[in-house]
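Visitor: Below you'll find the structure I mean.
The values are calculated or read from the model by the stated rules, or taken from the named source; none is laboratory data. Quick caveat: nothing in here was measured; it's all calculated off a predicted structure. In this analysis, Cβ positions are derived from the backbone assuming ideal geometry, glycine residues included, and neighbour counts consider all displayed protein chains. Calculation scope for accessible area: heavy atoms of the full protein, side chains included, ligands and nucleic acids excluded. Shrake-Rupley method; radii C 1.70, N 1.55, O 1.52, S 1.80 Å.
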Amino acid sequence: MARPDWTKPESYPKTPEAWPFRVWAWEFLRRNPEFQRQCDELAEASAGAKQRMARSWGLGEFKLYKEGYFSPSGCLWLSEAFREYEAAENGDKEYRVVLKQHEVALVFDLSNVTTAGQSAIDAQLGAAREVLLDYMREFGLKPADVRVNRRGLFEALRVYDALTYGGATPTEAAKVLDPDAFSERGDPDAARKKVNDLRQRAKSLIEEKGYLKLVSRDYIEDRGKTGKT
């Protein structure tokens with residue numbers, strides 16, 4: 001993993017303020033020391049071992065931490081992954097599906113779309129959402145609270161890089177992030193506190209699997225934009 005220079009914002013991938021939340025999730029996960037260790041250990045392992053490891057971290061497929069989000073191998077999160085089966089195009093077909101724990105199988109009928117239009121798909125998706133929520137309640141599962149503020153994510157990432165990989169102290173990081181705080185009229189204590197707060201936020205996202213809460217934010221934002229149009 002080519003580490004960016006935390007003192008130089010331009011050394012990070014371009015326009016971090018415009019990154020989708022999926023990218024933020026990957027940038028935080030790939031900095032997890034245990035994830036890095038497991039990636040290195042399984043570099044030559046079987047596909048099955050890699051898949052099991054990936055799923056334990058919320059990934060739909062194995063991806064080395066050394067790769068960027070937009071590398072050729074791609075990046076798929078379990079929370080947005082599903083298994084697709086062949087459709088019954090000509091005549092009836094019988095399928096035997098083995099469901100794993102907490103998986104739900106639904107059947108969609110596309111024949112109505114030819115007469116009712118795309119609204120038939122929207123109606124079926126809406127009904128499917130309610131069915132899935134009902135199963136969530138039946139299984140005793142609760143959706144995670146995914147309220148996340150995009151503001152400060154880049155600073156949190158830089159602070160983590162500074163203190164974990166750059167060998168910087170909180171004071172040194174604060175001087176780079178907020179040099180004015182160390183001027184005659186500045187407040188260095190407030191700057192150091194901000195750095196410590198950012199470090200805690202980064203650690204929760206990296207080391208406590210908080211990155212998983214970021215993935216669904218793209219869907220929430222997209223749905224909000226659609227509702228405004």
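So that you can scan it fast, the table gives a plain yes or no per residue for (1) in contact (Cβ under 8 Å) with a residue 24 or more places away in the chain; (2) within 30 Å of Ala127 (Cα to Cα); (3) of a type outside the set (D, E, K, R):
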position	(1), (2), (3)
Lys14	no, no, no
Pro20	yes, yes, yes
Glu44	no, no, no
Gly48	no, no, yes
Gln51	no, no, yes
Glu61	no, yes, no
Ser79	yes, yes, yes
Ala87	no, yes, yes
Glu94	no, yes, no
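Visitor: Let me ask another. May I ask you to say which residue of Ser79, Ser71, Ser56, Ser46 is among the polar types (S, T, N, Q) and either within 30 Å of Leu110 (Cα to Cα) or touching a Pro at 6+ places or on another chain (Cβ under 8 Å) (or both)?
Guide: Only one candidate qualifies: Ser79.
Visitor: Would it be correct to say that Arg137 is surrounded by fewer than 11 Cβ atoms within 10 Å (Cβ to Cβ), without any contact (Cβ under 8 Å) to a residue 40 or more places away in the chain and not in a loop (DSSP other than H, G, I, E, B)?
Guide: yes
Visitor: Suppose we keep only residues that are touching a helix residue (DSSP H, G or I) at 6+ places or on another chain (Cβ under 7 Å) and not aliphatic (A, V, I, L, M) within the range 18-34. Which one would you say is farthest from Phe70 (Cα to Cα)?
Guide: Result: Asn32.
Visitor: Any chance the range 63-72 includes a residue that's exposed (fewer than 10 other Cβ atoms within 10 Å of the Cβ) and under 30 Å from Arg151 (Cα atoms)?
Guide: yes
Visitor: Right, here's the next one. Before we move on, is Asp40 surrounded by fewer than 10 Cβ atoms within 10 Å (Cβ to Cβ), out of contact with any Asp or Glu (no Cβ under 8 Å at 6 or more places or on another chain) and free of Cβ contacts under 8 Å to residues at least 24 places away in the same chain?
Guide: So Asp40 does not fit the description; no.
Visitor: Check whether at least one residue in the range 107-115 is in a loop (DSSP other than H, G, I, E, B), loosely packed, with under 15 Cβ neighbours inside 10 Å and within 29 Å of the chain's Cα centre (by Cα), and report yes or no.
Guide: yes
Visitor: Residues being open to solvent by 70 Å² or more (accessible area, probe 1.4 Å) and within 13 Å of Leu133 (Cα to Cα): count how many of those fall in the range 92-105.
Guide: Number of matching residues: 1.
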